[in-house]
Amino acid sequence: MDSSFPNISSTLLGELPKETWWASDHYNWEGFWFASSRLSPVMAARSNFQASNDDVFLTSSIKTGTTWLKAIIPTIMNPKGRKNDDTDDPLLKHHPNDLMPSLELQLFKDNPNPDLTAMPSPRLFRSLVPYPLLPESVKNSACKIVYITRDPKDVFVSMWHFMNSWTCTIGQGPWKMNEAFESFCRGVHAFGPFHDHVLSYWKESLRRPEKILFLRYEDLKKDPKVQLKKLASFLGRPFAKEEEVEKVLWRCSLERLKTLEVNQNGVDPWLGIPYKLYFRRGIVGDWENNITEEMKERLDQVTRMKFEGSGLDFKH
Ligand code: PAP
């Protein structure tokens with residue numbers, strides 16, 4: 001195991017394609033865009049993380065509805081998560097980010113070899129890296145991967161609101177929507193390109209459906225009970241009663257999480273982001289209220305071109 005933090009030398013950085021995204025330098029490594037501060041943790045996790053067969057991974061591109069699943073998966077895995085008594089529900093005291101730690105944004109952020117042996121089993125993790133950049137042991141062990149994605153038009157709108165709200169709290173002005181949109185269409189954004197990210201998991205989920213469960217935010221919104229049952233069975237924790245499904249859905253609902261004190265006033269200690277920014281409208285089709293018809297056509301065209309022949313679309 002590598003014991004030194006793989007510092008990114010200025011020589012390597014100098015060789016990588018560079019673009020600015022939200023006033024921060026991003027580098028293209030292995031076909032995907034990363035802020036320089038994310039490259040070392042991503043590389044360290046890829047080299048040093050050892051998966052166990054009963055680990056559960058939540059993976060996604062940014063702003064696809066991951067926070068909902070960061071709440072749902074731990075609640076499904078928690079033996080008390082579907083019981084009537086809510087008094088010791090971890091969500092009362094923790095933002096969902098705390099319940100499924102991120103490899104690159106938390107665990108490997110400042111340490112190339114964190115000791116994860118004390119984590120209770122089954123361990124729950126999340127990651128924003130595309131499938132090819134996952135640690136090999138995640139790909140090769142029996143651990144499960146849940147992937148969530150969303151209509152890219154809603155992803156863009158969600159990202160735009162989130163990034164502007166955050167950067168405004170740290171004193172940076174908003175980024176013009178048309179510039180951010182151009183960047184998104186070209187695939188330049190943190191952990192992007194979005195379409196390549198989605199395709200990487202989609203293809204692998206077709207090859208190994210027992211390993212990767214591929215979910216769409218729109219399906220979860222439309223038919224939450226069906227999707228939750230599918231997810232619980234995939235995780236080996238099927239529901240026994242309809243009320244259990246309803247319980248988990250209620251505990252993890254946007255309406256409930258939004259009003260909890262921890263989420264209204266807390267701040268993510270790893271990122272400095274106010275927790276309340278993770279909860280916005282949570283609807284399907286919010287793009288209609290935010291982008292022009294021309295922008296819609298442009299992004300739909302990118303999506304059609306990228307997904308052609310893959311069997312994947314976002315019609316709902
Ligand atoms: P992240 O990449 O920062 O983790 P992520 O959670 O993937 O963000 O996406 C945020 C979106 O999920 C927001 O969508 P919106 O901007 O269109 O509103 C947020 O509102 C939505 N979201 C967060 N929690 C929930 C939830 N419990 N149920 C449904 N949607 C949710």
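Some observations on this one:
- Over all pairs of different C-alpha atoms in the range 32-71, the reciprocal of the mean inverse distance, the Kirkwood hydrodynamic radius, equals 12.3 Å.
- Point-charge dipole on Cβ atoms (K/R +1, D/E -1) for the range 39-307, about Cα centre, debye to 20: 460
- Listed residue pairs exceeding 32 Å between alpha carbons, taken from 203/225; 139/176; 139/225; 83/203; 93/306; 225/296: 139/176; 83/203; 93/306
- The trypsin sites (Lys or Arg not before Pro) of the range 172-280 that DSSP puts in a loop, and whose beta carbon has at most 11 other beta carbons within 10 Å, are 176, 241.
- Share, in percent, of DSSP beta bridges within the range 1-155 that are antiparallel, nearest 5: 45
- Sparse packing (at most 13 other Cβ atoms within 10 Å of the Cβ) combined with a DSSP loop state is found for the following GluC sites (Glu not before Pro) in the range 192-290: 210.
- Sorted from longest to shortest, the spans of the Cα atoms of the range 39-307 along the three principal axes equal 48, 40, 37 Å.
- With all protein chains in place and a 1.4 Å probe, the accessible surface of the range 39-307 carries 53 percent carbon and sulfur.
- Cβ-based charge dipole, the range 39-307, positive-most Cα from 162, 269, 226: 226
- Charge tally in the Cβ shell below 12 Å around residue 24, where Lys, Arg are +1 and Asp, Glu are -1, residue 24 excluded: 0
- Dipole axis of the chain (+1 Lys, Arg; -1 Asp, Glu on Cβ), positive-most option in 173, 67, 34: 67
- Antiparallel bridge percentage (DSSP; both residues within the range 39-307; nearest 5): 5
The values are calculated or read from the model by the stated rules, or taken from the named source; none is laboratory data. All figures in this text were calculated on a predicted structure; none of them were measured in a lab. Reconstructed Cβ throughout: ideal geometry from the backbone, glycine too, with neighbour counts over all protein chains shown. Accessible surface areas use protein heavy atoms only, side chains included; no ligands, DNA or RNA. Shrake-Rupley method; radii C 1.70, N 1.55, O 1.52, S 1.80 Å.
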